[in-house]
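No value in this document is a laboratory result; all are computed from the given coordinates. No experiment lies behind these values; they were computed from the predicted model shown. So basically every Cβ, Gly included, is an ideal-geometry build from the backbone, and we count neighbours across all protein chains shown.
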Amino acid sequence: MDVASALRRLDVAARPPRLEGGDVFYVVHDAPIGTLVLAATREGTLVACSYDAEEAVTARLAAHLSPRVLREPQRLDEARRQIDAYVTGRRRAFDVPASPVLATPFARRVLGELARVPYGSTTTYQAIARAIGAPRASRAVGHALGANPLCIVLPCHRVLRTDGSLGGYAGGLAAKRRLLDLEGVA
């Protein structure tokens, strides 16, 4: 299931589920765009692709999904391959199963709208705020995107300020510019 489908099926009002008895697996991946922490459930659903520090991501996974967070790189080989292919221009979309279960209910609404922005296109924080029915929530949209648990896979780098400037990005503005350049966004 792709991310857009997962978002449509996810109850946006629900708190993140706790995977009782389920393990979460992670790896620290030195991608061509920076160091990322990737995490997936036992079933292989990607739940994190983050520029945050390993300790912060694993603590969040333990608190919200499962107390058993295990470092097991081979479980995330396909996600790593797809991310590397994407950031080197050999892939335009992801087909690893992914779900933003770590996102807040508001952030899930934002991410659902973000999932509609196609490769090579951009939108604005304000446009997303309007699309989710919260026209004065541009700043809150920015915060939600800053906490995007699936950076790159859910392409928050495609969101700009209303004036066309970059705004922020968890991986830094140089990474955001590089991703936009890769997608051919002027």
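Roughly what angle does helix 173-182 make with the longest principal axis of the chain, taking Cα atoms, 0 to 90 degrees, to the nearest 10?
Approximately 80 degrees, to the nearest ten.
Pulled fully out, how much extra length does the chain show between Arg116 and Ala93, if you take 0.36 nm times their separation in residues and subtract their Cα-Cα distance?
Contour length minus Cα-Cα distance gives 7.1 nm.
Can you sort Leu65, Leu180, Leu111 so the residue with the fewest Cβ neighbours within 10 Å comes first? Kindly include the intermediate steps, with their values, before the conclusion.
On the way: Leu65 23, Leu180 19, Leu111 27.
Final ranking by Cβ density, sparse to dense: Leu180, Leu65, Leu111.
Just the C-alpha atoms of the range 81-186: what Rg/Rh do they give, with Rh taken as the Kirkwood radius?
Working: Rg = 13.0 Å, Rh = 13.8 Å.
Expressed as Rg/Rh, it is 0.94.
In the chain, once you exclude exposed GluC sites (Glu not before Pro) (DSSP loop, at most 14 other Cβ within 10 angstrom), what's the longest stretch remaining?
Formally, the longest exposed-site-free interval is 44-186.
For Thr35 and Asp23 in the same chain, what is the full-extension length gain: residue separation times 0.36 nm, less their Cα-Cα distance, in nm?
On the way: separation 12, 0.36 × 12 = 4.32 nm, distance 2.28 nm.
Extra length available between Thr35 and Asp23 comes to 2.0 nm.
Counting other C-beta atoms within 10 Å, which of Asp181, Asp163 has the fewest, and how do the rest follow?
Ranked by crowding around the Cβ, least crowded first: Asp163, Asp181.
Work out which trypsin sites (Lys or Arg not before Pro) in the chain are exposed loop sites (DSSP not H, G, I, E or B, at most 12 other Cβ within 10 Å) and give the longest gap free of them.
With a cap of 12 other Cβ atoms within 10 Å, the longest stretch comes to 1-89.
Could you tally the net charge around Leu160, taking each other residue with its Cβ under 14 Å from the Cβ of Leu160, Lys/Arg +1 and Asp/Glu -1?
Details: positive: Arg158, Arg161, Lys176, Arg177; negative: Asp163, Asp181, Glu183.
Counting the neighbours of Leu160, the net charge comes to +1.
Could I have the simple spin-label model distance between Ala85 and Ser165, label points 7 Å from Cα toward Cβ, reported in nm to one decimal?
Computed distance between label sites Ala85 and Ser165 equals 3.8 nm.
Can you give the extra length, in nm with one decimal, that the chain gains between Arg130 and Ala62 once fully stretched, where that is 0.36 nm per residue apart less the Cα-Cα distance?
Gain on extension, Arg130 to Ala62, equals 21.1 nm.
Angle check, please: helix 105-114 long axis (alpha carbons) against the longest principal axis of the chain (alpha carbons), in degrees 0 to 90, nearest 10.
60
Just to confirm the number: angle between the C-alpha axis of helix 77-87 and the first principal axis of the chain, 0 to 90 degrees, nearest 10?
Orientation of helix 77-87: about 20 degrees from the principal axis.
Roughly what % of DSSP beta bridges within the chain run antiparallel, to the nearest 5? Provide the component values of the computation, followed by the final result.
Working: 12 of 19 bridges.
Approximately 65 percent, going by the DSSP bridge assignments.
Among Ser66, Ser121, Ser165, determine the one that fluctuates most according to a GNM of the chain built with springs between C-alpha atoms less than 10 Å apart.
Fluctuation is largest for Ser165.
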